[in-house]
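To start, the structure under review is shown below, and the notes come after it.
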Amino acid sequence: MSKAITFTEYGAPEVLRLSEVTTPDPGPGQVRIRVRAASVNPLDMKIRSGLMAGTVPARFPVIPGLDAAGVVDAVGEGADAAVGDEVLGATVGGSYGEQALLERPVAKPEALSWETATSLVTVGRTAYRVLGELGVPAGRTLLVHGAAGSVGALAVQLAVARGITVIGTVGERDIDRTTALGATAVRYGDGWTERVKAAAPHRVDFVFDASGAGVLADSVALTGDTAHVITIADMSAAQHGVRFSTGAGDRAGDALPELVRLAAAGKLTVPIWRTYPLAEAARAHADLEAHRNHGKAVLVP
């Protein structure tokens, strides 16, 4: 037996409880890790609240969480890791626990902290995937809404590294930090379209909406092409003829080893806001739902 956060009904953060659970055994190709860090993602809260019940129905009790980093303590047949290896990846059956299963473990370089390692998985994969779906060529201009968020900040860095001119909408407090990542930071809120036009060297060619702040109609108007706008956060996408990127069925994918290499080399940073003891998962959810965070929240067993 081991400890994990579980919930047995949909609801507010208070439904999350520290429980005794059966320690999972790895199947073929899987490894079990002793979790050193598990990141908290917005999808975790949507699943817990029941918002995703129509597409991701829960089988109670649920152990939440998508990503983890830790030390391998058991391996399944054909697994690409050995006991004692330090790894990270997308979990099978949840990550908010003392132990978790990984299907496609990626080696954690010594240069990466546990918090950064777990935080790279979902947000890094998402940023990488969406840039691929947009297909922005070098030399063009990309507008990233929510450029100071976890996904947005990684998208900015990946795009800049590919020779793309990036403009990012952010809050006043994040202007300097976003500028340091290589983007032209523009304050969001009323009048953002005029500020973006003034900042764009020629015009905005593509838009990646990571904010869900009701910006799709104006973003389409800026690019002149619905195919050049994509969102991961605005459920009204179809009303604007815009793609909603879900990454359904996509786990860590082939992007994760590259993301890990870039981060270990200091070429990619993930903003880590706060770590919480595993038992305080409910507080982490409440803080993120209240938008108190300024980067990733991470649980530490």
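The values are calculated or read from the model by the stated rules, or taken from the named source; none is laboratory data. Not measured: the values here are computed from a predicted model. Cβ atoms come from the backbone with ideal geometry, glycine included; neighbour counts cover every protein chain shown.
Taking the criterion of being of a type in the set (Ser, Thr, Tyr) and under 22 Å from Arg125 (Cα atoms), the residues of segment 143-194 that qualify are Ser150, Thr165, Thr169, Thr178. Taking segment 26-71 only, how many residues are farther than 19 Å from Val151 by Cα, not in a strand (DSSP E or B) and not hydrophobic (A, V, I, L, M, F, W, C)? Summing the residues that are farther than 19 Å from Val151 by Cα, not in a strand (DSSP E or B) and not hydrophobic (A, V, I, L, M, F, W, C) in segment 26-71 gives 14.
Is segment 206-214 home to any residue that is touching a strand residue (DSSP E or B) at 6+ places or on another chain (Cβ under 6 Å), free of Cβ contacts under 8 Å to residues at least 40 places away in the same chain and not polar (S, T, N, Q)? No - not one qualifying residue is present in segment 206-214. I'd like to check something: does segment 203-216 contain any residue that is part of a helix (DSSP H, G or I) and of a type in the set (Gly, Ala, Ser)? There is no residue in segment 203-216 that is part of a helix (DSSP H, G or I) and of a type in the set (Gly, Ala, Ser).
Out of Ala238, Ala279, report the one residue that is outside any loop (DSSP other than H, G, I, E, B), small (Gly, Ala, Ser), surrounded by fewer than 17 Cβ atoms within 10 Å (Cβ to Cβ) and assigned by TED's automatic domain parsing to the domain that holds Gly163.
Values: Ala279 fails: assigned by TED's automatic domain parsing to the domain that holds Gly163.
Residue meeting the stated conditions: Ala238.
Taking the stated definitions as given, is Thr169 of a type in the set (S, T, N, Q) and either over 23 Å from His291 (Cα atoms) or touching a Gly at 6+ places or on another chain (Cβ under 6 Å) (or both)? Answer is no for this residue.
With respect to Val31, is the statement that it is on the phi < 0 side of the Ramachandran plot, over 17 Å from the mean Cα position of the chain (by Cα) and crowded, with 23+ Cβ neighbours inside 10 Å true? Against the criterion (on the phi < 0 side of the Ramachandran plot, over 17 Å from the mean Cα position of the chain (by Cα) and crowded, with 23+ Cβ neighbours inside 10 Å), Val31 qualifies. All told, Thr275 falls short of being of a type in the set (S, T, N, Q) and more than 18 Å from the chain's Cα centre (by Cα). Is one or more of the residues making up segment 219-229 surrounded by 18 or more Cβ atoms within 10 Å (Cβ to Cβ), over 19 Å from Thr126 (Cα atoms), over 14 Å from the mean Cα position of the chain (by Cα) and not hydroxyl-bearing (Ser, Thr, Tyr)? Yes, because at least one residue in segment 219-229 is surrounded by 18 or more Cβ atoms within 10 Å (Cβ to Cβ), over 19 Å from Thr126 (Cα atoms), over 14 Å from the mean Cα position of the chain (by Cα) and not hydroxyl-bearing (Ser, Thr, Tyr).
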